[in-house]
Amino acid sequence: MRTATTVEASSGWREMTGFVVEAEKLGLDVCFVAEAWGSDGPSALGFYAARTERMLLGSGIIQVGTRTPVAIAQTAITLSNLSEGRFLLGLGASGPQVIEGLHGVPFARPLTRMRETVEVIQRVLDGGKVSYSGEMFQIPLPGGNSKPMRLSARPEHDIPVYLATLSPAMLRLTGEIANGWLGTSFVPEGAAGAYFRHLDDGLAKSGRTRQDLDICQGAEVAFAPDEDALRAMVAGRKKELAFSLGGMGSASTNYYNQAYSRQGWADVAVEVRDRWQAGDRDGAAGLVTDEMVLATTLIGTEAMVRERLRVWRDAGVDTVRLYPAGETLDDRLATLAKAIEMVREIS
């Protein structure tokens, strides 16, 4: 397995830059930069490209509703050329709270928007004049005097496209058109039904196999010295998981909640969401079980984490995204270093 991480640049500019630079020295293979509702990803990616030499850099993710497809393609070409081919283009639909609530853009039909966005991007990357007639995008815009144009910039390297998806339809699209899958809320024991069968359906539609898709999964990694410390760690993560189940997206559209539901926790996920939406945050966290935390993270004693990594490997994960725990930069780097070494051992 390859090793990766995801950072959000605005959570301490100087410290985060130090983390990225040191992570490369530790041998990390890929660093994705998140956007969410913080700093924009591409600006930080350009800066990190100048501070690193070997490590791949990816957008994790650019939210497709916030930019036109051609603007995304321009960004991808720029970052790929600046980094001398080290850029991975990660795209995601995000959710209605961010897309509509923050950006004021309709979230409707995310599947169609994603497919058409990738199709337009590929036409731009191919270097020809862009002429596209879809349900969401019309290029050039009809009714005017404009004609199809091509970019003056050209990609000097291949630009792999990764999609961050969770719903069955989006997973099928990922298998059909993407080079990689950025997943989350991953339980390897339930992944075949919740995720892989949908990815495989999309792969089959495009005449490909699982070997043609980089399965990139992420989770927090933390090492507990003993069982008492582990219990405290698990308890401390329950409110974070309750936020994912109840606070991400909207009351009716929460892909994290749906993913947990498909992996055996439907009743708990619904109740956590309802309590969180009602303002009972502590009550929502109290419903999250130890099993839910441990199943979707890499938290445990060293022996537990090593064995869990083997389970992820055997389930089909190609790239493991590590979110190292720690109070300080040195703590997080020490956790990351230990996790990278474990991945090397089992690979």
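Read-outs: derived from the displayed coordinates by stated rules, not from any lab. Source: prediction; values computed, not measured. Note: ideal-geometry Cβ built from the backbone for every residue, glycine included; neighbour counts use all protein chains shown.
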Fraction of antiparallel bridges per DSSP, the chain only, in percent to nearest 5: 10 percent
Gaussian network model of the chain, Cα within-10 Å springs - most flexible of Gly144, Gly60, Gly41: Gly144
Global form of region 108-175, assessed from the alpha-carbon gyration tensor, a/c cut-off 1.5: oblate
Amide hydrogen neighbours beyond the local backbone of Arg2, cut-off 5 Å, H modeled: Thr319, Val320
For region 44-50, 3J(HN,Hα) per residue [Karplus equation, 6.51 cos²θ - 1.76 cosθ + 1.60, θ = phi - 60°, Hz, x = Gly/Pro]: 5, 4, x, 5, 5, 4, 6
Eligible lysines near Lys239 by straight Cα distance, threshold 28 Å, same-chain separation 8 or greater: Lys338
Listed residues Ser43, Ser94, Ser146, most fluctuating in the chain (Gaussian network, C-alpha, under 10 Å): Ser146
Per residue, the convex hull volume that the Cα atoms of the chain enclose (Å³): 136 Å³
Rounded to 10°, Cα long-axis angle of helix 302-315 versus longest principal axis of the chain: 40 degrees
Calculated from backbone phi, Karplus (6.51, -1.76, 1.60) coupling profile of region 193-208 in Hz, x at Gly/Pro: x, 7, 10, 5, 5, 6, 4, 5, 4, x, 4, 5, 4, 9, x, 10
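Could you pull out the trypsin sites (Lys or Arg not before Pro) across region 30-80 that fall in loop regions by DSSP (anything but H, G, I, E, B) with no more than 13 other Cβ atoms inside 10 Å?
Here the trypsin sites (Lys or Arg not before Pro) that fit, given the DSSP loop and packing criteria, are Arg54.
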Using alpha carbons only: equivalent-ellipsoid semi-axes of region 203-347, gyration tensor based, whole Å: 27, 23, 12
Spatially proximal aspartates and glutamates relative to Lys129 (Cα-Cα < 15 Å; intrachain offsets below 8 disregarded): Glu119
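Compute the orientation-averaged projected area for region 165-279 from the convex hull of its Cα atoms and round it to one decimal in nm².
Working: hull surface 32.7 nm².
Result: a mean projected hull area of 8.2 nm².
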Region 38-190: Rg to Rh, with Rh as the Kirkwood radius over Cα pairs: 0.97
